[in-house]
Each structure stands twice: as structure tokens, then as C-alpha cells.
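All of the numbers you see were taken from the coordinates with simple rules; none came from a lab. These numbers come from a predicted model, not from an experiment. Note: ideal-geometry Cβ built from the backbone for every residue, glycine included; neighbour counts use all protein chains shown.
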Amino acid sequence: MQRYSSFDYSRVHTRFEDYSIQLGIWRKIFVDIENDFVPQDKQIAESISVAFEKAGFLQNSSIQLDEHSSMNVIDWVHKFKYILFDPDIKNANQLYEQLIEFAKLTPDAHERWLNSFNKTDLYRTMAWILPHIRDEFNTRISFNELKSEHQKLKESIEKLKYALEEKLK
């Protein structure tokens with residue numbers, strides 16, 4: 001019978017405490033950005049609508065995803081806001097690639113719809129509009145700060161995972 005008293009919990013405990021601290025920081029930043037975003041979502045959606053309208057995908061204030069499906073622009077903006085507000089995205093190709101990568105993580109058909117949008121100037125127009133939207137977005141937290149804290153959280157998770165794996169060997 002293995003004795004659990006010889007099991008060194010200190011390293012795992014320290015990694016778990018680090019993770020808990022990082023998670024708390026991440027949650028606060030995430031909530032702050034969400035709280036800043038909601039009152040501005042209509043204005044952001046109006047600006048993004050210009051790109052969908054120019055590309056011929058806007059019908060009755062909704063994005064025509066295909067012949068059978070449409071989506072409210074505000075809902076689309078909410079779904080992809082962390083891609084749209086990523087300051088590292090500088091051109092249409094980067095925007096398209098990041099939207100596709102994000103869509104692959106979701107169970108809906110957005111990847112298919114995003115691919116069909118690529119046959120138009122939608123992403124080029126959107127890439128031109130987004131810096132203006134980002135400049136006008138009023139938030140207490142920058143998206144660079146959000147990305148930085150997200151990276152720290154991921155690193156903390158990896159360290160905790162490694163410490164647990166070592167202890168379980």
C-alpha cells in the first residue's frame with residue numbers, strides 16, 4: 001500500500017496557487033472588457049455592417065450567411081469580437097485566417113460561411129474599417145493586456161499540468 005504522506009504536494013500546491021491567481025486576474029480583465037463592450041456593441045455593429053453591405057451580404061439589417069441562414073450583425077460581432085479587436089491583425093489575409101481558426105473551435109457552420117465570404121472584398125473592407133473601430137472603442141483594458149494575461153494563464157496551466165504529471169508518475 002502506497003503511503004500518501006511521502007507524496008510532496010508543495011510543488012503542485014504552489015502551481016495551483018499560481019494558476020488560481022492568474023485565473024482571477026484573467027476573469028477580472030475579461031469581465032471589464034465585456035462590461036465595456038456591451039454598451040458600444042450597436043455602434044460597432046453599425047460600423048461593421050458597412051463592410052457586409054459593400055460585399056452584398058447585408059439584407060434587412062442581417063448578414064445573409066447563405067440562401068437559408070442569416071445572422072444579426074450584433075450577434076456576429078459578439079461572436080468574433082476578440083478577433084476583430086486583435087491589434088496584431090493588420091490586413092485582410094490575417095483577419096480571414098484568424099476568423100477561420102476561431103471558427104474551427106466552434107461547433108457551428110461559421111467556417112463554411114467565412115470561406116464563402118472570402119470570394120468578395122469583405123475582409124479587405126473590414127480590415128480597413130477595424131483600426132478606426134478599435135481607436136474609437138472605449139475600454140479600461142487594452143486587448144494587448146488581455147492577450148498578455150491570457151498567455152500568462154496558459155503558461156500557468158501548463159506548469160500545473162506538468163507538476164501534476166510528475167507527481168502521478
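Summary of computed values
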item	result
Charge dipole (segment 9-168, unit charges on Cβ, about Cα centre) - positive-most of Asn118, Ala45, Ile25	Ile25
Dipole in debye (nearest 20) - segment 23-91, about Cα centre, beta carbon charges: Lys, Arg +1; Asp, Glu -1	160 debye
Amide N of segment 73-107 lying under 20 Å from the label point, which is placed 7 angstrom from the Cα of Asp36 along Cα→Cβ	77-90
Least to most buried among Phe52, Phe30 (fewest other Cβ within 10 Å first)	Phe30, Phe52
Rounded to whole Å, sorted largest first: equivalent-ellipsoid semi-axes of segment 62-126, Cα gyration tensor	18, 13, 12
Pairs from Lys119/Lys147; Lys90/Lys159; Lys104/Lys167; Lys147/Lys169; Lys28/Lys154; Lys28/Lys81 whose Cα-Cα separation, in the structure shown, is over 22 Å	Lys119/Lys147; Lys90/Lys159; Lys104/Lys167; Lys147/Lys169
Anchor Lys152: aspartates and glutamates whose Cα lies under 16 Å away (excluding residues fewer than 8 positions away in-chain)	Glu17, Asp18
Whole-number percent relative contact order across the chain, with pairs defined as alpha carbons under 8 Å at least 6 apart	36 percent
Order by protection proxy (mean Cβ within 10 Å, highest first), peptides 95-102, 12-19, 120-127	120-127, 95-102, 12-19
Overall dimensions of segment 10-83 as given by Cα atoms, namely Rg and Dmax in Å	18.8, 60
Anisotropy class of segment 82-169 from Cα gyration tensor, a/c 1.5 cut	oblate
For the chain, size of Cβ-based charge dipole, Lys and Arg +1, Asp and Glu -1, in debye	620 debye
Value at 222 nm in deg cm²/dmol, rounded to 500, when DSSP H runs of n ≥ 4 in the chain each add -39,500 (n - 2.57)	-23000 deg cm²/dmol
Estimated distance in nm for a label pair at Glu155 and His13, the labels positioned 7 Å out from Cα along Cα-to-Cβ	2.5 nm
Cut-off 12 Å (backbone N to label point 7 Å along Cα→Cβ of Glu166), residues of segment 145-160	159-160
